[in-house]
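The values are calculated or read from the model by the stated rules, or taken from the named source; none is laboratory data. Source: prediction; values computed, not measured. Every residue, glycine as well, gets a Cβ built from its backbone with ideal geometry; the counts of neighbours run over all protein chains shown.
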Amino acid sequence: MLLEQLKLAAEERHARALTRRRRIAHTACAPHQAVGEADEARAESLLTFCSNDYLGLANHPDVIAAFAEGAHRYGAGSGASHLVSGHSLAHAQLETELARWFAPYIPHARTLYFCTGYMANMAVLTALGTAGATLFCETLNHASLIDGARLARADVQRYPHGATGALDTLLAASTSPLKLIVTDSVFSMDGDMAPLKALLALAERHDAWIIVDDAHGFGVLGESGHGVLEALGLASERFIYIGTLGKAAGVAGAFVAAHETIIEHLVNTARPYIYTTAAPPAAAHALLTSLAIIEGEEGRQRRAHLAHLIALLRGGLSQLAATAGWVLGDSDTAIQPLIVGDNGAALALSAMLEADGIRVGAIRPPTVPEGTARLRITLSASHSEADVHRLLGVLADAFARREAA
Ligand SMILES: *Cc1c(COP(=O)(O)O)cnc(C)c1O
């Protein structure tokens with residue numbers, strides 16, 4: 001019975017061009033990556049525009065060396081959860097360094113390292129979103145924030161994308177003793193940004209807190225790569241900040257930065273923190289090197305190059321989108337969505353690019369709303385200008401072929 005049901009569901013997915021399949025990478029995360037099947041002989045090198053390795057640190061020699069050094073010093077695994085015996089010096093050093101970064105933006109900041117951003121979001125929303133509290137959630141929030149809100153005992157109210165007026169109304173009508181605004185900073189499938197300054201004004205007016213997920217801003221935004229709070233020049237005790245460390249920082253894990261009292265509460269009560277084995281200390285050790293690169297001159301240069309590539313890509317894409325009838329999302333970040341609409345059309349375009357040696361993910365529902373299937377093009381500082389020109393050329397060809405067909 002179960003198997004028949006699941007087979008039916010799979011057929012339905014297939015009919016709607018919603019089947020997902022995994023590809024196997026044979027080499028490191030980099031613009032040119034060998035991708036294929038498990039058979040070594042059947043991999044081809046593709047020019048990829050779909051990772052979130054925005055600064056190109058996932059394959060950086062210094063980060064790799066630090067990872068190896070960390071493994072030699074601390075071993076391969078942590079052996080236990082943080083509260084038992086898995087908390088290492090590397091984890092502690094990482095938290096101390098991040099606390100230094102966040103001191104200017106969050107008074108009395110302390111930080112807490114998690115295995116993944118998904119778990120950090122589950123932890124924050126369940127530990128703070130207790131019965132009686134209300135979570136005010138942006139509709140385009142990342143799945144991990146949505147799942148955290150589902151698991152929390154708090155009431156959940158949603159406000160439309162970017163709609164600060166609607167949020168103001170909801171906050172004004174709420175009698176909840178604990179109001180928590182929950183938002184992505186950079187929206188993961190659209191690349192646009194939350195109006196964080198306006199959200200902070202609302203939080204102050206209505207005595208609310210702001211849980212902000214900067215997965216796509218940390219390392220990339222701000223003069224020193226400290227993320228969205230640095231970029232927008234915002235500072236407040238009301239921020240509960242989540243940064244992830246598997247994207248621009250190139251390794252794995254995530255952290256929460258918040259007032260020390262909040263962090264102490266998470267250490268003692270957040271189940272996704274307490275009941276899981278600590279991430280390998282080597283990852284934390286490697287991240288110390290990532291952070292040094294992000295904050296230093298090399299990070300500055302990588303961000304400047306990335307900004308240059310974003311402008312180059314947008315210039316070409318906006319012309320192409322206008323003639324092709326695609327919609328280029330309104331994004332200034334490394335995430336550039338080319339909205340095609342139909343699931344099958346997005347898949348076909350992605351397949352056409354792959355036939356020409358370029359890998360761009362087709363993103364379909366439920367990750368994005370129905371009717372907004374898209375190519376999610378992401379850029380990295382390790383791309384070259386020539387890489388971007390090649391993508392634009394191949395997209396123009398794909399469009400020309402579609403017209404001819
Ligand atoms: C990737 C992502 C996460 C999850 O982070 P992981 O470390 O990959 O689990 C959370 N929020 C947003 C907005 C993301 O894009």
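Does G56 count as on the phi > 0 side of the Ramachandran plot and modelled with pLDDT of 95 or more?
Numbers: on the phi > 0 side of the Ramachandran plot: yes; modelled with pLDDT of 95 or more: yes.
Judged against the criteria, G56 is a match.
For segment 268-285, which positions are crowded, with 23+ Cβ neighbours inside 10 Å and either assigned to a helix (DSSP H, G or I) or not assigned by TED's automatic domain parsing to the domain that holds A68 (or both)? Quick ask: steps written out before the conclusion?
From segment 268-285, those crowded, with 23+ Cβ neighbours inside 10 Å are 270, 273, 278-285; that's our starting set.
Correct list: Y273, P281, A282, A283, A284, H285.
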Output the residues belonging to segment 220-269 that are in contact with a strand residue (DSSP E or B) (Cβ under 6 Å, 6 or more places away or on another chain) and charged (D, E, K, R). E237, R238, E260
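Can you tell me which residue in segment 114-139 is surrounded by the most Cβ atoms within 10 Å (Cβ to Cβ), limited to those that are within 16 Å of the ligand (Cβ to nearest atom) and aromatic (F, W, Y)?
Looking only at segment 114-139, we keep the residues that are within 16 Å of the ligand (Cβ to nearest atom), and these are 114-126, 135, 137-139.
Checking the rest, the ones that are also aromatic (F, W, Y) come to 114, 118.
Working: F114: 27, Y118: 19.
Out of the qualifying residues, it is F114.
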Could you figure out which of (1) under 19 Å from L245 (Cα atoms); (2) not in a loop (DSSP other than H, G, I, E, B) isn't true of R73? (1)
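Sort through T333, T276 and tell me the only one that's touching a residue at least 40 places away in the same chain (Cβ under 8 Å) and in contact with a Cys (Cβ under 7 Å, 6 or more places away or on another chain).
Values: T333 fails: in contact with a Cys (Cβ under 7 Å, 6 or more places away or on another chain).
Among T333, T276, only T276 is touching a residue at least 40 places away in the same chain (Cβ under 8 Å) and in contact with a Cys (Cβ under 7 Å, 6 or more places away or on another chain).
Which one is farthest from the ligand (Cβ to nearest atom) among residues in segment 140-170 that are in a strand (DSSP E or B) and within 30 Å of R364 (Cβ to Cβ)? Don't jump to the end; show me each part of the working.
The initial filter retains those residues of segment 140-170 that are in a strand (DSSP E or B), namely 155-159.
Right, trim to within 30 Å of R364 (Cβ to Cβ) and you get 156-159.
Working: V156: 17, Q157: 20, R158: 16, Y159: 17 Å.
Once the filter is applied, the top-ranked residue is Q157.
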Within segment 11-21, can one find any residue that is under 27 Å from the mean Cα position of the chain (by Cα) and farther than 19 Å from S350 by Cβ? no
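Kindly indicate which of D184, D214 is within 12 Å of the ligand (Cβ to nearest atom) and out of contact with any His (no Cβ under 9 Å at 6 or more places or on another chain).
Numbers: D184 fails: out of contact with any His (no Cβ under 9 Å at 6 or more places or on another chain).
Residue meeting the stated conditions: D214.
With respect to G344, determine if the residue is in contact (Cβ under 8 Å) with a residue 60 or more places away in the chain and assigned to a helix (DSSP H, G or I).
Working: in contact (Cβ under 8 Å) with a residue 60 or more places away in the chain: yes; assigned to a helix (DSSP H, G or I): yes.
Against the criterion (in contact (Cβ under 8 Å) with a residue 60 or more places away in the chain and assigned to a helix (DSSP H, G or I)), G344 qualifies.
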All but one of (1) away from the ligand (no atom under 16 Å from the Cβ); (2) touching a Leu at 6+ places or on another chain (Cβ under 9 Å); (3) assigned to a helix (DSSP H, G or I); (4) in the same structural domain as Y118 (by TED's automatic domain parsing) hold for G316, so report the exception by its number. (4)
Select from segment 286-315 the residues that are surrounded by fewer than 18 Cβ atoms within 10 Å (Cβ to Cβ) and of a type in the set (G, A, S) and write down the one among them that is farthest from A248 (Cα to Cα). G315
Restricting to segment 286-300, and then to whatever is without any contact (Cβ under 8 Å) to a residue 60 or more places away in the chain and part of a helix (DSSP H, G or I), can you tell me which residue is farthest from V388 (Cα to Cα)? A292
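Is there a residue being at pLDDT 95 or above, closer than 20 Å to G217 by Cβ, out of contact with any strand residue (DSSP E or B) (no Cβ under 8 Å at 6 or more places or on another chain) and assigned by TED's automatic domain parsing to the domain that holds T277 anywhere in segment 175-186? Explain how you work it out, then say what you get.
Here is the first cut: in segment 175-186, the ones at pLDDT 95 or above are 175-186.
Imposing the further condition that a residue be closer than 20 Å to G217 by Cβ reduces the set to 180-186.
Pick out the ones that are also out of contact with any strand residue (DSSP E or B) (no Cβ under 8 Å at 6 or more places or on another chain) and you get none.
Within segment 175-186, none of the residues are at pLDDT 95 or above, closer than 20 Å to G217 by Cβ, out of contact with any strand residue (DSSP E or B) (no Cβ under 8 Å at 6 or more places or on another chain) and assigned by TED's automatic domain parsing to the domain that holds T277.
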Can you spot a residue in segment 47-58 that is under 18 Å from the mean Cα position of the chain (by Cα), under 27 Å from L379 (Cβ atoms), in a loop (DSSP other than H, G, I, E, B) and away from the ligand (no atom under 16 Å from the Cβ)? yes
